[in-house]
Amino acid sequence: MIVEPKVKGFICTTAHPAGCERNVLNQIEYVKKQGKLEGAKKVLVLGASTGYGLASRIVAAFGMGAATIGVSFEKEASGKRTATPGLYNTRAFDEAASKEGLYSKSLNGDAFSKEMKDEVIRIIKEDLGKIDLLVYSLAAPRRTDDSGTTYTSTLKTVGQPFTQKNWNLRDNTISDATIPVATEEEILSTVKVMGGEDWSDWIGALVEAEAIEDNAITVAYSYIGPKLTYPIYHEGTIGQAKAHLLRTAEEITSRYMSSNGIKAFVSVNKALVTQASAAIPVVPLYLSVLYKVMKEKGLHEGCIEQMDRLYRDRVYAGDTVSGADGSILRVDDYEMKPEVQDEVMDIWERIDSDNLLELADTDGYWLDFYHMFGFKIEGVNYLADVEV
């Protein structure tokens, strides 16, 4: 069938197999051009099908030459409905890895579940023995824990509502958006889904099963951003979860460092267009202004550039982790440069519906959005029939 993008608000309900494949191959080509990276040899990536998780797996495999296991939760195609983009991304990754003789095993299912933990550990033990890097990049709206309780994450503030400028994607206007205050139950549920509890459970299960090497490294991903978005990312329900993630990194290192040498880090990454960020009020406008400023200054990075720099210049830069502040690795340093943020805030004060297209990189935002689903990628024939 011929696949076209079908966009509803901040989501796209279709994905293009050939476009997703080309997107993966482009990232692989980028990593190869950066040269060989001495790092991990046996890597588990949780949340491996899109965004930072996919980029991490690509860096591990095609930069480090590592054997990789990836876990993600994707939907197969059904009738005229395409599969989710992560499924096509994963297939493209596996095919590319196979062609280069790299071990690659991809599992589709709930990474939060005990069943998935057991299955992954079985595969590690049988095929790899032990892993030496665990990347935790799960982004899910809900989680069912081992007791059978299901928690749902909520995008809300803590303490008081937050009102700020917002880009209405449908009509290219700017108006105020208000994010309401969360209840205590909503805060708890968001921490349960997006915090570090499951990350800690994974490390515990791997250690107990003797499926993780001594002196292994584990990295989870987070975002802080400027003061403008603090009520969302720093202080709101997401912020509470991110704080829990950092505490978990400290707890993992404290628990296992003396006996197993395992170190846990939270990498604070740059703001990018993702399926999650596209749904958050205020954020798309900030992203489009940030893109304009960073591109003009030659500082813009996508997921693959960020992850290559993270592992090349931070995690595996030498005997000691470079750019680390305790359990935190910062690769949002370009975004948070004073000259970048000063210009972003200057534009933010002036931007409105009349000058939006002049002061923000709205085209760049939408291009990244479509790329997530395999559309508008150079070199792909979108008029051709494809098998979905």
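Residue pairs whose Cβ atoms lie under 9 Å apart, sitting 6 or more positions apart in sequence or on different chains, and linking a residue in segment 126-148 that is more than 18 Å from Ala249 (Cβ to Cβ) to a partner that is assigned to a helix (DSSP H, G or I) and of a type in the set (Lys, Arg), are Arg143/Lys192; Asp145/Lys192; Asp146/Lys114. Screening Arg57 with (1) of a type outside the set (Gly, Ala, Ser); (2) closer than 30 Å to Asn215 by Cβ; (3) surrounded by fewer than 24 Cβ atoms within 10 Å (Cβ to Cβ) gives one miss only, at (3). Condition first: crowded, with 21+ Cβ neighbours inside 10 Å, in a strand (DSSP E or B) and either among the basic types (Lys, Arg) or out of contact with any His (no Cβ under 9 Å at 6 or more places or on another chain) (or both). Can you find one or more residues in segment 124-131 that meet it? Yes, because at least one residue in segment 124-131 is crowded, with 21+ Cβ neighbours inside 10 Å, in a strand (DSSP E or B) and either among the basic types (Lys, Arg) or out of contact with any His (no Cβ under 9 Å at 6 or more places or on another chain) (or both). Residues that are under 15 Å from the mean Cα position of the chain (by Cα) and in contact (Cβ under 8 Å) with a residue 60 or more places away in the chain within segment 281-309 comprise Gly302, Cys303, Ile304, Glu305, Gln306, Met307, Asp308, listed in sequence order. Go through segment 129-148 and report how many residues are under 22 Å from Tyr311 (Cβ atoms) and either under 17 Å from the mean Cα position of the chain (by Cα) or at pLDDT below 95 (or both). So the count comes out to 7.
For segment 327-356, filtered to residues that are part of a loop (DSSP other than H, G, I, E, B) and of a type in the set (Val, Ile, Thr), the residue that is surrounded by the fewest Cβ atoms within 10 Å (Cβ to Cβ) is Ile351.
The residues of segment 136-192 that are of a type in the set (Gly, Ala, Ser) and part of a strand (DSSP E or B), listed by number, are Ser175, Ala177.
Considering Glu208, Glu213, Glu185, Glu197, the condition of being of a type in the set (Asp, Glu), free of Cβ contacts under 8 Å to residues at least 24 places away in the same chain and either crowded, with 17+ Cβ neighbours inside 10 Å or closer than 19 Å to Gly236 by Cα (or both) is satisfied by Glu185 alone. Scanning segment 104-113 for residues that are assigned to a loop (DSSP other than H, G, I, E, B) and out of contact with any Leu (no Cβ under 9 Å at 6 or more places or on another chain) returns Gly109, Asp110, Ser113.
Here is a yes/no grid of residues against (1) farther than 28 Å from Leu383 by Cα; (2) crowded, with 24+ Cβ neighbours inside 10 Å; (3) out of contact with any Gly (no Cβ under 9 Å at 6 or more places or on another chain); (4) not small (Gly, Ala, Ser):
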position	(1), (2), (3), (4)
Gly35	yes, no, no, no
Ser72	yes, yes, no, no
Asn89	no, yes, no, yes
Asp94	no, no, no, yes
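A search for C-beta distances below 6 Å between a residue of segment 326-342 that is on the phi < 0 side of the Ramachandran plot and any residue that is surrounded by 15 or more Cβ atoms within 10 Å (Cβ to Cβ) and part of a helix (DSSP H, G or I), counting only pairs 6+ apart in sequence or on different chains, returns Ser327/Ala249; Ser327/Glu250; Leu329/Arg314; Val331/Gln306; Val331/Arg309; Val331/Leu310; Val340/Val293.
Ile179 meets the conditions (1) buried (at least 20 other Cβ atoms within 10 Å of the Cβ); (2) in contact with a Gly (Cβ under 9 Å, 6 or more places away or on another chain); (3) at pLDDT 95 or above in every case but one. The failed one is (3).
The values are calculated or read from the model by the stated rules, or taken from the named source; none is laboratory data. Please read these numbers as outputs of a predicted model, since none were measured by experiment. For neighbour counting, all protein chains shown are included, and Cβ atoms are generated from backbone atoms with ideal geometry for every residue, glycine included.
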